[in-house]
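Have a look at the structure below before the remarks.
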Number of protein chains: 2
Amino acid sequence: MTFDPKDCGTCPIRHRAVCARCEADELETLDSIKFYRSFEAGQPVIWSGDTMDFVASVVTGVASLSQAMEDGRTQMVGLLLPSDFLGRPGREFAAYDVVAVSNLTLCCFRRKPFENIMLQTPHIGQRLLEMTLDELDAAREWMLILGRKTAREKIASLLTILARREASLALQTAENGTSFELPLTREAMADYLGLTLETVSRQMSAFKREGIVLLEGKRKVIIPDFDALMAETGDDADGGMVS
Amino acid sequence: MTFDPKDCGTCPIRHRAVCARCEADELETLDSIKFYRSFEAGQPVIWSGDTMDFVASVVTGVASLSQAMEDGRTQMVGLLLPSDFLGRPGREFAAYDVVAVSNLTLCCFRRKPFENIMLQTPHIGQRLLEMTLDELDAAREWMLILGRKTAREKIASLLTILARREASLALQTAENGTSFELPLTREAMADYLGLTLETVSRQMSAFKREGIVLLEGKRKVIIPDFDALMAETGDDADGGMVS
DNA sequence: GTTGCGCTTTGACCCAGATCAAAATGCGTG
DNA sequence: CACGCATTTTGATCTGGGTCAAAGCGCAAC
């Protein structure tokens with residue numbers, strides 16, 4: 001039985017994230033334990049160590065996962081865009097600080113019932129496995145960036161990653177270049193890349209000066225020649241795309 | 001029906017890794033598509049981009065996953081110890097270079113039949129999801145190390161991670177300190193931590209000089225006071241353990 | 001034994017990016 | 001419009017770890 005998005009309403013956990021092939025009765029079961037939560041840009045969603053009685057799917061906006069050291073150093077370890085999944089079935093306490101990077105809407109499911117549904121519904125677990133494996137691949141690409149790339153290569157890599165992820169969500173690779181929304185502050189970019197915000201700013205200025213990226217307003221990034229940017233990432237031509 | 005390790009023979013994919021709760025007929029199906037492969041320390045298992053027609057579980061030894069940039073810089077992105085899983089169901093080409101760090105035995109399963117068995121056997125997929133989520137957590141801890149820690153903190157973190165992982169496999173937290181086998185060369189440690197081998201050597205020398213670690217031969221590491229080492233990681237006291 | 005080779009250690013020097021500091025820009029609000 | 005505040009940019013200086021170079025140290029082979 002093929003899945004029809006029209007049966008799905010707007011919740012991405014059903015038509016995009018978790019349940020791409022599930023059937024009608026499962027959808028209704030999910031509906032009964034689901035609720036929405038919204039956050040403004042900058043607001044915390046949950047702190048590491050807090051009890052987390054839900055799992056969720058991002059509907060709109062961007063959220064970050066980060067880890068902090070007790071002296072204040074922090075490293076972003078996850079960046080969640082619409083349709084990404086938040087939380088771990090079976091885990092009672094949050095393992096990371098989660099912050100709304102932009103205005104954010106989550107579609108939440110109470111954790112215990114969600115776990116029960118997972119047991120009865122292999123599709124959901126299979127879908128979650130796919131998503132987790134994708135996230136693991138992304139984390140490994142990220143590790144290469146953190147461990148071995150120069151500041152310039154890090155910035156170029158982040159911009160190509162954001163361009164690709166937003167493109168897959170619809171935004172666009174227009175005819176005269178690629179453009180996308182940059183939802184991150186300089187500080188968030190630094191947290192993502194293991195740099196300081198000053199270094200991020202300097203490298204962004206360098207790319208602007210060289211015409212490799214153009215900024216329109218403070219949020220819109222235009223990349224006149226995507227290949228030129230890719231050439232700055234240090235990756236080989238295909239951009240490290242995995243199967 | 002509870003699972004009894006005695007029914008399992010020696011293959012970790014059955015009694016530890018993938019199939020902790022599977023039933024007799026599934027075990028036999030797995031048996032029919034399984035074979036073993038051995039590698040000597042230093043040998044490549046597979047190169048990124050090669051077709052990979054099997055998935056596998058590590059039986060003995062250590063393997064590394066790494067990513068290379070075309071100019072030769074490399075970053076280790078995975079370290080597989082006994083019972084860890086190698087490969088991705090559904091993926092035809094290897095995404096990483098896999099190398100035997102020490103002598104290595106893999107229990108392999110032909111990929112297509114394994115995928116079919118997964119479809120019929122939810123337990124395997126569920127177990128694989130658990131393992132993948134654990135690996136994702138480990139990758140995120142690793143990202144903090146790569147992005148924000150000093151060379152000294154990186155070395156201390158690596159040693160505590162290895163001590164903990166090997167301890168969970170049986171080796172030792174003896175009465176007079178913790179000790180374990182260090183299966184990595186200085187170069188592999190550097191690849192793991194995003195450092196050069198010279199920096200690794202200098203920091204190891206510093207820890208020896210200060211009595212925080214002792215080396216016995218070239219492979220055995222003794223940690224007289226584990227808390228003293230943990231204090232050097234920059235993590236808070238509980239060592240970043242996740243539920 | 002000694003030769004050779006891979007791994008490790010140590011030293012001297014340098015530079016990319018951190019740190020510290022100040023100015024510029026943007027933007028919502030009274 | 002002017003003010004206040006957050007964010008970003010730019011500059012000057014410092015330093016942790018990289019780079020280059022040369023010994024030291026097993027250990028297997030002869």
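Of the residues making up the range A:69-80, those that are more than 10 Å from chain B (Cβ to nearest Cβ) and open to solvent by less than 10 Å² (accessible area, probe 1.4 Å) number 1.
What are the residues in the range A:83-109 that are within 10 Å of another protein chain (Cβ to nearest Cβ), part of a strand (DSSP E or B) and under 18 Å from A:Phe35 (Cβ atoms), if any? Before you say what the answer is, go through the steps one by one.
Of the range A:83-109, the ones within 10 Å of another protein chain (Cβ to nearest Cβ) are A:88-96.
Of the ones still in play, those that are also part of a strand (DSSP E or B) are A:93.
Matches in the range A:83-109: none.
Report, by residue number, each residue of the range A:28-59 that is assigned to a loop (DSSP other than H, G, I, E, B) and surrounded by fewer than 20 Cβ atoms within 10 Å (Cβ to Cβ). A:Ile33, A:Glu40, A:Ala41, A:Gly42, A:Gln43, A:Trp47, A:Ser48, A:Gly49, A:Asp50, A:Asp53 - these are the residues of the range A:28-59 that are assigned to a loop (DSSP other than H, G, I, E, B) and surrounded by fewer than 20 Cβ atoms within 10 Å (Cβ to Cβ). Considering A:Glu181, A:Glu153, A:Glu198, A:Glu141, the condition of being of a type in the set (Asp, Glu), away from chain B (no Cβ under 14 Å) and within 19 Å of A:Gln75 (Cβ to Cβ) is satisfied by A:Glu198 alone.
Among the candidates A:Ser157, A:Ser179, single out the residue that is of a type in the set (S, T, N, Q) and in contact with a Ser or Thr (Cβ under 6 Å, 6 or more places away or on another chain). Steps first, please.
Numbers: A:Ser179 fails: in contact with a Ser or Thr (Cβ under 6 Å, 6 or more places away or on another chain).
The unique qualifying residue is A:Ser157.
When the range B:47-65 is filtered for residues that are within 14 Å of chain A (Cβ to nearest Cβ) and away from DNA strand C (no atom under 16 Å from the Cβ), the ones remaining, listed by number, are B:Trp47, B:Ser48, B:Gly49, B:Asp50, B:Thr51, B:Met52, B:Asp53, B:Val55, B:Leu65.
Taking helices (runs of 4 or more DSSP H) as the structural unit, those lying wholly within the range B:110-181 and holding at least 1 residues that are at pLDDT below 95, touching a helix residue (DSSP H, G or I) at 6+ places or on another chain (Cβ under 6 Å) and surrounded by 19 or more Cβ atoms within 10 Å (Cβ to Cβ) correspond to B:111-120, B:122-148. Here A:Gly125 meets the list (1) within 16 Å of DNA strand C (Cβ to nearest atom); (2) within 9 Å of chain B (Cβ to nearest Cβ); (3) farther than 20 Å from A:Phe226 by Cβ almost entirely, failing just condition (1).
Listed here are the residues, each with its yes/no results for (1) touching a Leu at 6+ places or on another chain (Cβ under 6 Å); (2) over 25 Å from B:Gly87 (Cβ atoms); (3) within 16 Å of DNA strand D (Cβ to nearest atom).
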{"residue": "B:Leu119", "(1), (2), (3)": "no, no, no"}
{"residue": "B:His123", "(1), (2), (3)": "no, no, no"}
{"residue": "B:Leu129", "(1), (2), (3)": "yes, no, no"}
{"residue": "B:Leu136", "(1), (2), (3)": "yes, no, no"}
{"residue": "B:Arg152", "(1), (2), (3)": "no, yes, yes"}
{"residue": "B:Gly177", "(1), (2), (3)": "no, yes, no"}
{"residue": "B:Arg202", "(1), (2), (3)": "no, yes, yes"}
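Take the range B:60-82 and flag every residue that is closer than 15 Å to B:Cys108 by Cβ and not in a strand (DSSP E or B). Reasoning before the result, please.
In the first step, residues of the range B:60-82 are kept if they are closer than 15 Å to B:Cys108 by Cβ; the result is B:60-61, B:63, B:80, B:82.
Matches in the range B:60-82: B:Gly61, B:Pro82.
For the range B:182-243, the helices (runs of 4 or more DSSP H) that sit wholly inside it and include 3 or more residues that are open to solvent by 70 Å² or more (accessible area, probe 1.4 Å) are B:197-209. Among the conditions (1) within 14 Å of chain B (Cβ to nearest Cβ); (2) over 24 Å from A:Leu133 (Cα atoms), the only one that A:Phe35 does not satisfy is (1). The residues in the range A:202-226 that are away from DNA strand C (no atom under 14 Å from the Cβ), aliphatic (A, V, I, L, M) and free of Cβ contacts under 8 Å to residues at least 60 places away in the same chain can be counted, and the count is 3. Against the condition touching a Phe, Trp or Tyr at 6+ places or on another chain (Cβ under 8 Å) and either closer than 25 Å to A:Asp236 by Cα or not assigned by TED's automatic domain parsing to the domain that holds B:Glu166 (or both), how does B:Met118 come out, does it pass? For B:Met118, the condition - touching a Phe, Trp or Tyr at 6+ places or on another chain (Cβ under 8 Å) and either closer than 25 Å to A:Asp236 by Cα or not assigned by TED's automatic domain parsing to the domain that holds B:Glu166 (or both) - is not met.
The values are calculated or read from the model by the stated rules, or taken from the named source; none is laboratory data. These numbers were taken from a predicted model, which means no experiment stands behind them. Here Cβ is always computed from backbone atoms with ideal geometry, including for glycine, and neighbour counts include all displayed protein chains. Each accessible area value is taken on the protein alone, full model and side chains, heavy atoms only, with ligands, DNA and RNA left out. Shrake-Rupley method; radii C 1.70, N 1.55, O 1.52, S 1.80 Å.
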